[in-house]
Amino acid sequence: MTSVWPQDTGRNAAGEVTIEGVSVASIVQEYGSPVYVYSETTLRTAMRAWKQAMSDRLPGSRVVYAGKAYLCTSVATMLLEEGLGLDCVSDGELFVGLNAGMKPEMLSLHGNNKGRNELELALEAGIGKIIVDNFDEIDLLAELIDELNEEISAPMTVLLRLNPGVDVHTHKKISTGLADSKFGLPIADGQAERAVIRLLQVPGLHLAGYHAHVGSQLFDADAHTAAIADMIGFAAEMKAKHGVDLEMFSPGGGFGIGYLDVDTPIDPAHWVGLLGDAIEAACKLHGLPIPIVVIEPGRAIAGPAGVALYTVGSRKELPGIRTYVSVDGGMADNIRPALYDASYTAVIANRVAEEPLETVTIAGKYCESGDLLIENIDLPSPQPGDLLAVPAAGAYCLAMASNYNMSLKPAVVMVHRGESRLIRRRESFADLIRLDV
Ligand SMILES: Cc1ncc(COP(=O)(O)O)c(C=O)c1O
């Protein structure tokens, strides 16, 4: 199988897709459909590859997985075992990390509107760092530090999120470093400097450096390189004007993965080399020592490890228009095609050796015309009962899943060296009314 599939994906004598030696048909038989399958080897290999690349190129650096891509207790436990940190954007994500036994210092908290409860949890738990986004947040932090005085031991390390105003070659909805963005403070109009001055006035906060995340699903480092140059220039100015040392620096995540066979993702060592070159060049230019560099890959770790499995339920042929093939999942477990025209490939997983015979559109089962998972894909005439396997479904699918139409969120299964285990059970009807009062 090609590079969009997890490591060790193949096919058995019955013509079924296998992942780490486990047939996907047997997974559906045991755990039901739809179901998401993660390859443990692929997950761990990606975690190790990013960590190794960083420690080889930028000693002392850190890899902090962006939990928004996909988080559950199993993934958090794996991060703990592999020595990666967890980048959280909510108290819920902090909770999952802490509950799995991750050390608080391995967690960081992002967000453009962090609530009082979220900052309180971060301060009380003593997490590694908070990435400060705006002036109201600084005021709230100052207030909370005052209030929680007794309960907080060390100063809280903060990075200031900058908006470098760079253009990014990706979908508008996953561009975050444009001048018109809800994230971070612009350098250009002086707001970032005002935030630095304000942060220095808050006792209990330690401004260690700067952060920016320019966008997601990137296949080149142009935006990162431009942002790094601007941010380190800004850091040098803040050092000269306000005496702030650049101890820590984060260019975020955003490293693209293959969804289609034509995609050309950059491997971790190459990415880190490009980031390292840009950081070293900028630090040299401004006479700054190389800071601790923190990267936040999400998609690049979880994405390639996950495969969504659906069962075909019906066909509808509209002569001269298209043939719809409907599956038992869709936008409730994967909103990406409807949200930002994301493209996927797929195979008929129980007849994988067969030649494509027709062009069809894979429709989800939910009550929206826009619930189309894949438009115009060539497949070997999908029939009711066939299994459809969609690769590269490990990131931002289940993480964005909903109960639309009172659907039950799918089960999640981890496969490893010929074995499968349930890591998250399918929701039940009881789950649907559990919170109703
Ligand atoms: C601050 C921050 N860091 C990291 C990420 C992870 O991005 P990706 O999954 O593309 O690596 C995101 C994604 O939105 C983000 O906003």
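Summary of values
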{"quantity": "Neighbours by Cβ (under 6 Å, 6+ apart or cross-chain): first from the range 86-97, at pLDDT 95 or above; second within 12 Å of the ligand (Cβ to nearest atom) and among the β-branched types (Val, Ile, Thr)", "calculated": "87/64"}
{"quantity": "Odd one out for residue 190 among (1) more than 14 Å from the ligand (Cβ to nearest atom); (2) surrounded by fewer than 18 Cβ atoms within 10 Å (Cβ to Cβ); (3) at negative phi", "calculated": "(3)"}
{"quantity": "Residues located in the range 56-104, provided they are among the aromatic types (Phe, Trp, Tyr) and under 14 Å from the mean Cα position of the chain (by Cα)", "calculated": "65, 70"}
{"quantity": "Which numbered condition residue 322 misses (of (1) more than 27 Å from residue 394 (Cβ to Cβ); (2) crowded, with 18+ Cβ neighbours inside 10 Å)", "calculated": "(2)"}
{"quantity": "Qualifying positions in the range 276-310 - more than 18 Å from residue 221 (Cβ to Cβ), buried (at least 19 other Cβ atoms within 10 Å of the Cβ) and more than 16 Å from the ligand (Cβ to nearest atom)", "calculated": "291, 307, 308, 309, 310"}
{"quantity": "Residue selected from the range 311-324 under the condition over 29 Å from the mean Cα position of the chain (by Cα) and within 20 Å of residue 28 (Cα to Cα), by the criterion nearest to the ligand (Cβ to nearest atom)", "calculated": "313"}
{"quantity": "Flag for residue 253 being at pLDDT 95 or above, within 16 Å of the ligand (Cβ to nearest atom) and assigned by TED's automatic domain parsing to the domain that holds residue 139", "calculated": "yes"}
{"quantity": "Residue match in the range 123-137 (condition: touching a Phe, Trp or Tyr at 6+ places or on another chain (Cβ under 9 Å), more than 17 Å from residue 203 (Cβ to Cβ) and surrounded by fewer than 17 Cβ atoms within 10 Å (Cβ to Cβ))", "calculated": "no"}
{"quantity": "Qualifying residue in the range 9-21 (condition: hydrophobic (A, V, I, L, M, F, W, C), modelled with pLDDT of 95 or more and assigned to a helix (DSSP H, G or I))", "calculated": "no"}
{"quantity": "Subset of the range 203-239 that is of a type in the set (Ser, Thr, Tyr) and away from the ligand (no atom under 12 Å from the Cβ) - its residue that is farthest from residue 192 (Cα to Cα)", "calculated": "225"}
{"quantity": "Condition check for residue 347: surrounded by 20 or more Cβ atoms within 10 Å (Cβ to Cβ), within 16 Å of the ligand (Cβ to nearest atom), of a type in the set (Val, Ile, Thr) and in contact (Cβ under 8 Å) with a residue 60 or more places away in the chain", "calculated": "no"}
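The values are calculated or read from the model by the stated rules, or taken from the named source; none is laboratory data. Owing to the predicted nature of the structure, the values given are computational and were not obtained by experimental measurement. Cβ atoms come from the backbone with ideal geometry, glycine included; neighbour counts cover every protein chain shown.
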